[in-house]
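Novice: Mind looking over this structure? Questions follow.
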Amino acid sequence: MLASGAMSESPDNSGKADTAVADATPRDSRSDALKSLRDRTDELELIISSLTIFALISLPSWLFEALSQTYTHLSTSFAIAGMLGITLVTGICYGLAACFIVHLMVRAYWVGLIGLRTVFPEGIDWSRTPGIGPITRRYYRQTLPDLETATQRADRLASSLFAVISLLTLGTLWLGIVVVLTLMGSGWIGAQFGLTNAALGLATVVLLGIYIGVPMLLWLLDSVVARRFEALQKNAVFSVVIRLLGGIYGIVYPQRLVLPVQLTLQSNTRPVIFYIALTLSIIAIVWVGNARMAGWRVFTLSGEFTYLDDNDVRGGFRSTFYEDMNSSEDRMRGWPRVDSFTQKGGFVTLFLPYQPLRDNLILDDLCEASNNDEDATVCLRRLWSVSINDQPVPIDGFISAERMDINMRGLLGLVPMTGLQPGMHRIEIVWNPEANEDDVPIDDRYSAARST
């Protein structure tokens with residue numbers, strides 16, 4: 001009977017063992033496959049980091065050049081999209097380039113550690129460390145990690161940093177898309193009522209409320225209030241409010257793409273420090289983009305030009321006024337310009353550009369829509385007045401022109417210089433001369449109703 005009992009139990013145990021083996025085999029195979037894949041991703045990380053750094057550093061300059069070629073053609077909405085889009089993309093490029101550089105350094109350090117472990121598996125030989133005294137040696141042995149620990153830490157840091165790069169890219173690009181589309185729409189609506197800046201300001205407040213206010217309110221209600229009052233966790237209305245807030249935030253934040261990576265890293269590191277670092281990284285990306293855009297559009301970010309600031313040079317010599325001196329930054333300024341500073345003939349060629357972003361609102365009031373080219377030219381002439389040395393210059397003879405060399409359209413004419421003595425002469429051009437200095441601008445994005 002003992003033998004029979006043993007035999008009766010053996011099939012059950014064998015079945016359980018077979019089941020355990022059957023359950024464990026797929027998991028082990030998946031684990032082995034992931035480990036094998038993990039070994040190959042290290043090489044891919046090195047290749048991606050190396051190739052991407054140069055592309056990220058080069059991309060902003062190309063974007064600025066492209067914007068300078070098309071800026072004077074843009075409408076209000078597309079100008080907003082172009083400026084904001086390039087600002088965010090530039091910040092992302094420089095931020096990611098910095099992360100890739102650090103990642104490349106850490107991964108190279110990791111490769112070096114693996115090589116050392118292969119050649120010197122025993123690690124540091126403390127008996128052969130001349131120049132290190134017994135106290136310092138004891139301190140080093142207590143504090144310095146061995147090669148195994150240093151290799152694991154470097155591998156963990158490099159892998160985490162590579163994941164953070166994808167996290168920042170997805171999060172910031174999604175943020176940029178939402179912000180750009182929202183501000184484009186609000187800018188277009190505001191331009192219809194002459195309140196472009198007001199509409200942009202209102203949209204910015206709404207976006208800040210969603211990106212900052214909703215997460216803070218969600219944290220306060222769910223993490224603080226619901227945790228302290230367990231009855232609220234079972235309250236249907238309270239649960240609906242929490243889910244509604246989460247749904248609103250989920251629209252403007254790619255949770256399915258970002259949260260798996262974010263929560264994995266956050267929960268396996270120091271959660272509070274990680275969240276603060278992530279938030280500061282996004283802020284730094286926006287700040288770097290703004291600083292790069294400002295540095296590209298203005299002469300200098302330095303505050304040392306005290307005795308010759310922007311106001312002092314506004315009425316003086318500027319390269320924008322001369323076609324043979326134009327840079328990519330000058331092409332973004334739809335300002336009048338002559339062919340050269342030095343004139344040797346009896347006339348100077350003057351080009352008065354037409355920039356829809358700036359001029360359409362004024363032209364809609366100055367003239368009625370017409371399909372006649374001559375009427376359009378006459379209408380454009382009303383937008384400008386020209387004088388040389390305070391003597392008015394008739395612009396009735398100015399003709400419509402398309403300048404593919406500077407990628408602009410406008411009016412082209414001649415300013416006579418006959419009878420003038422050799423020396424410096426001042427051509428003064430007024431935009432929207434029919435308005436008075438104290439008139440209210442037609443749109444709040446204008447600083448004045450007329451400009452000289």
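The values are calculated or read from the model by the stated rules, or taken from the named source; none is laboratory data. These figures come from a predicted structure and were not determined experimentally. So basically every Cβ, Gly included, is an ideal-geometry build from the backbone, and we count neighbours across all protein chains shown. Surface areas here come from the heavy atoms of the whole protein model, side chains and all, with no ligands, DNA or RNA. Shrake-Rupley method; radii C 1.70, N 1.55, O 1.52, S 1.80 Å.
Novice: Report, to the nearest 10°, how far helix 2-70 tilts away from the longest principal axis of the Cα atoms in the chain, using its own Cα long axis and a range of 0 to 90°.
Specialist: Orientation of helix 2-70: about 20 degrees from the principal axis.
Novice: Which residues in the stretch 292-327 have a backbone N closer than 19 Å to a point placed 7 Å from the Cα of V430 along the Cα-to-Cβ line?
Specialist: 315-316
Novice: Label the stretch 150-287 by shape, choosing from rounded, prolate and oblate, from the square roots a ≥ b ≥ c of the eigenvalues of the Cα gyration tensor; if a/c is under 1.5 it is rounded, and otherwise prolate applies when a/b is larger than b/c, oblate when it is not.
Specialist: Cα axes put the stretch 150-287 in the oblate bin.
Novice: Give me the distance in nm between label points sitting 7 Å out from Cα along the Cα-to-Cβ direction at A291 and I177, one decimal.
Specialist: Reported label-point gap for A291 and I177 is 2.9 nm.
Novice: For V348, which sequence-distant residues (separation of 5 or more, or a different chain) have an amide H within less than 5 Å of its own amide H, given hydrogens modelled in the peptide plane?
Specialist: V415, M417
Novice: Can you tell me the orientation of helix 147-192 relative to the chain, as the angle in degrees between its alpha-carbon axis and the longest Cα principal axis, to the nearest 10?
Specialist: The angle comes out at about 40 degrees.
Novice: Sticking with this structure for a sec: Using only Cα atoms, locate the centre of the stretch 387-414 and the centre of the stretch 198-221, then give the distance between them in Å, rounded to an integer.
Specialist: Each part reduced to its Cα centre gives a spacing of 48 Å.
Novice: Now for a separate question. Taking only protein heavy atoms and a 1.4 Å probe, what accessible area per residue, in Å², does the stretch 237-325 have with all protein chains in place?
Specialist: Here the residues of the stretch 237-325 average 70 Å² of exposed surface.
Novice: On a C-alpha basis, how far is the centre of the stretch 277-302 from the centre of the stretch 45-111 in Å? Whole number, if you could?
Specialist: About 13 Å separates the Cα centre of the stretch 277-302 from the one of the stretch 45-111.
Novice: Simple spin-label model, 7 Å along Cα-to-Cβ: I124 to R228 in nm?
Specialist: 5.0 nm
Novice: At 1.4 Å probe size, what's the solvent-accessible area of V237? Round to the nearest 10 Å².
Specialist: Taking all protein chains as shown, V237 has close to 100 Å².
Novice: Now, a different point. Round to the nearest 10 and give me the degree value, 0 to 90, for the angle of helix 76-119's Cα axis relative to the longest principal axis of the chain.
Specialist: That works out to roughly 40 degrees.
Novice: Modelling each spin label as a point 7 Å along the Cα-to-Cβ direction, I'd like the W188/I101 distance in nm, to one decimal.
Specialist: 4.0 nm
Novice: Among 248-257, 308-317, how do they line up by average Cβ neighbours within 10 Å per residue, starting with the highest?
Specialist: 248-257, 308-317
Novice: Find the relative contact order for the chain and round it to a whole percent, using C-alpha pairs within less than 8 Å whose residues are 6+ positions apart.
Specialist: With pairs under 8 Å counted, the relative contact order is 16 percent.
Novice: Scan around L195 for amide H atoms under 5 Å from its own, H built in the peptide plane at 1.01 Å from N, and keep only partners 5 or more places away or cross-chain.
Specialist: HN-HN under 5 Å from L195: D444.
Novice: Taking a ≥ b ≥ c as the square roots of the Cα gyration tensor eigenvalues, with a/c under 1.5 meaning rounded and otherwise prolate when a/b beats b/c, else oblate, which class fits the stretch 95-212?
Specialist: Here the stretch 95-212 falls in the prolate category.
Novice: Now for a separate question. Please give the direction-averaged projected area of the C-alpha convex hull for the stretch 330-425, in square nanometres with one decimal.
Specialist: Orientation-averaged projected area of the Cα hull: 7.0 nm².
Novice: Follow-up. Compute and list, largest first, the equivalent-ellipsoid semi-axes of the chain from the alpha carbon gyration tensor, each √(5λ) rounded to a whole angstrom.
Specialist: Computed over the chain, the values are 65, 32, 21 Å.
Novice: Can you give the Rg/Rh ratio of the stretch 211-307, where Rg is from the C-alpha atoms and Rh is the Kirkwood radius?
Specialist: Radius of gyration relative to Kirkwood radius: 1.18.
Novice: Which of the cysteines in the chain are isolated, no other cysteine C-beta under 4.7 Å?
Specialist: By the Cβ distance rule, which asks for a partner under 4.7 Å, the isolated cysteines are C93, C99.
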